[in-house]
Amino acid sequence: NCGSALTKMSRRYDSRTTIFSPEGRLYQVEYAMEAIGNAGSAIGILSKDGVVLVGEKKVTSKLLQTSTSTEKMYKIDDHVACAVAGIMSDANILINTARVQAQRYTYAYQEPMPVEQLVQSLCDTKQGYTQFGGLRPFGVSFLFAGWDKNYGFQLYMSDPSGNYSGWKAAAIGANNQAAQSMLKQDYKDEITREEAVQLALKVLSKTMDSTSLTSEKLELAEVFLTPSGNVKYQVCSSDSLSKLLLKFGVTQPAAETS
Amino acid sequence: MSIFEYNGSALVAMVGKNCFAIASDRRLGVQLQTIATDFQRISKIHDRLFLGLSGLATDAQTLYQRLVFRHKLYQLREERDMKPETFANLVSAILYEKRFGPYFCQPVIAGLGDEDKPFICTMDSIGAKELAKDFVVAGTASESLYGACESMFKQDMEPEDLFETVSQALLSSVDRDCLSGWGGHVYVVTPTEVKERILKGRMD
């Protein structure tokens, strides 16, 4: 009798971020992942000569003030960039944190922070919000793309729980399961950067909800080595992106409106 | 001996016509002993901004690393390079933070600002800025440098002339200072290119 009364009482507090449910789940973390499932998708593909990140811009209104800044991709340091999916304001905090962590490492060791260590450091921050403080977790998933001298090109995916893993190809945000299975089918180990761009655009075009695919709805960025051996993060310009969409035959014409 | 004279240094920056030059000596010493003859005292912050740090070498290195930290974050957030005037303010603020336990450095900042206008300035070890339209000097050879620059400087020199003037001013001044010398390192920066040259002077 006493036991069942206790379990009934404890269920009321299971929604707190720092408390397990009787089934051993962290509800707040799962709810955060739900929020991301409704956000614009992003895909990352690792190739032998670079990492490709493609993102779907969810908010495209004619009233939006055009700016050179990107909405989905952000540079963390010269050798690491990330794509985001989820609550943008949460993402901004984490991106700033990651940037400062990378610079602190460079200040201490006078060399760029290894990609995995940066991802781990950020994930440790995220994990803190699932265990103490009584604060909600961050509603963001990341795809980190980077290069370091130890492991070359790398792609990592992290989620609100603070969990992360390395991937050859990954998708986050809306329809990520469909995108992930498509990537599983078409990804080849020896893929080149150009083929990776093509694959990413193809998969995104198939999984995106919108009726037409134009360069305004997408962002494309690549992390690669220049001929002089330096890591470069480059965001594709709107014009080049339109040309690529035409070249790979993934542009769908906008629906006629009367 | 003063802590500022422990390692020995000589720095000068000069304004030319749509260009600037920044030059330093190459000696690193420990009081009277010379340890290195290829010490880099001038560092690039970005393509149009250079920083020279005279004084105690360890403080110069640490200060430079802290400034790179701050500038990198600025670049990421603002998506542009820092203007020289802004950078000078940042250096001044960082130095003043340590008002009662300062960095034993005297920075010389030189850059191209808006519309490619050359900007130079120096400050003392606790951040008092000194903006100049012609030239700024720092280091153990600063008194000689003041004299040499004052007599050799002309307004609106072209990059090649500017290089000659800065080099002559530097070499003649460090020759009168036992703690600086062993050659020179000169950067001449125009809107289109950065020319880096090593000078051979009296190797003593």
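Every read-out reported here was derived from the displayed coordinates using simple, explicitly stated rules and does not represent laboratory data. From a predicted model like this one, the values you see are computed outputs, not experimental measurements. Cβ coordinates were reconstructed from backbone atoms using ideal geometry, including for glycine residues, and neighbour counts include every protein chain displayed.
Using a 10 angstrom Cβ neighbour count of at most 14 plus a DSSP loop assignment to flag exposed trypsin sites (Lys or Arg not before Pro), which longest range of chain A is free of such sites?
Result for the longest clean stretch: A:63-148.
What do you get for GluC sites (Glu not before Pro) in region A:163-222 restricted to DSSP loop and a cutoff of at most 15 other Cβ within 10 Å of the site's Cβ?
The qualifying sites are A:Glu190.
With a cut-off of at most 12 other beta carbons within 10 Å, and DSSP calling the residue loop, which trypsin sites (Lys or Arg not before Pro) in region B:42-120 qualify? Please list them.
B:Arg80, B:Arg99
Counting only GluC sites (Glu not before Pro) that sit in a DSSP loop (anything but H, G, I, E, B) with at most 16 other Cβ atoms within 10 Å, what is the longest stretch of chain B containing none of them?
B:80-192
What value, in deg cm²/dmol to 500, does the helix sum -39500 (n - 2.57) over DSSP H runs of n ≥ 4 give at 222 nm once divided by the residues of chain B?
It lands at -10000 deg cm²/dmol.
Taking neighbour counts of Cβ atoms within 10 Å as a proxy for exposure, in what order, fewest first, do A:Met208, B:Met14, A:Met73 appear?
In increasing order of surrounding Cβ atoms, one gets A:Met208, A:Met73, B:Met14.
Give a quick list of trypsin sites (Lys or Arg not before Pro) in region B:133-204 that DSSP marks as loop, anything other than H, G, I, E or B, with at most 14 other Cβ atoms within 10 Å.
B:Lys133, B:Lys154, B:Arg176, B:Lys200, B:Arg202
Taking the Cα atoms only, what angle lies between the long axis of helix A:115-128 and the longest principal axis of chain A, rounded to 10 degrees?
30 degrees
Points 7 angstrom from Cα along the Cβ direction at B:Glu97 and A:Lys206: gap in nanometres?
Here the answer is 5.2 nm between the modelled labels.
Cβ under 11 Å from A:Cys82's Cβ, A:Cys82 left aside: what net charge do those residues give with Lys, Arg +1 and Asp, Glu -1?
Spelling it out: positives minus negatives among the neighbours equals +2.
Please provide three numbers in whole Å: the alpha-carbon extents of region A:112-255 along the principal axes, with the largest listed first.
50, 41, 28
Per 10 Å bin, what percent of the C-alpha pairs of the protein assembly as shown does each bin hold, from zero upward?
4, 18, 22, 18, 16, 13, 7, 2, 1, 0
Give me the log10 of I(q) over I(0) for chain B at q = 0.16 Å⁻¹, as the Debye formula computes it from C-alpha points; what are the numbers?
Cα-only, vacuum Debye calculation for chain B: -0.97.
Going 7 Å from the Cα of B:Leu32 along its beta-carbon direction, which residues of region B:166-191 have the amide nitrogen within less than 20 Å of the resulting point?
B:175-182
Which values, in whole Å and largest first, are the semi-axes of the equivalent ellipsoid of region A:73-150 obtained as the square root of 5 times each eigenvalue of the Cα gyration tensor?
Output for region A:73-150: semi-axes of 22, 14, 10 Å.
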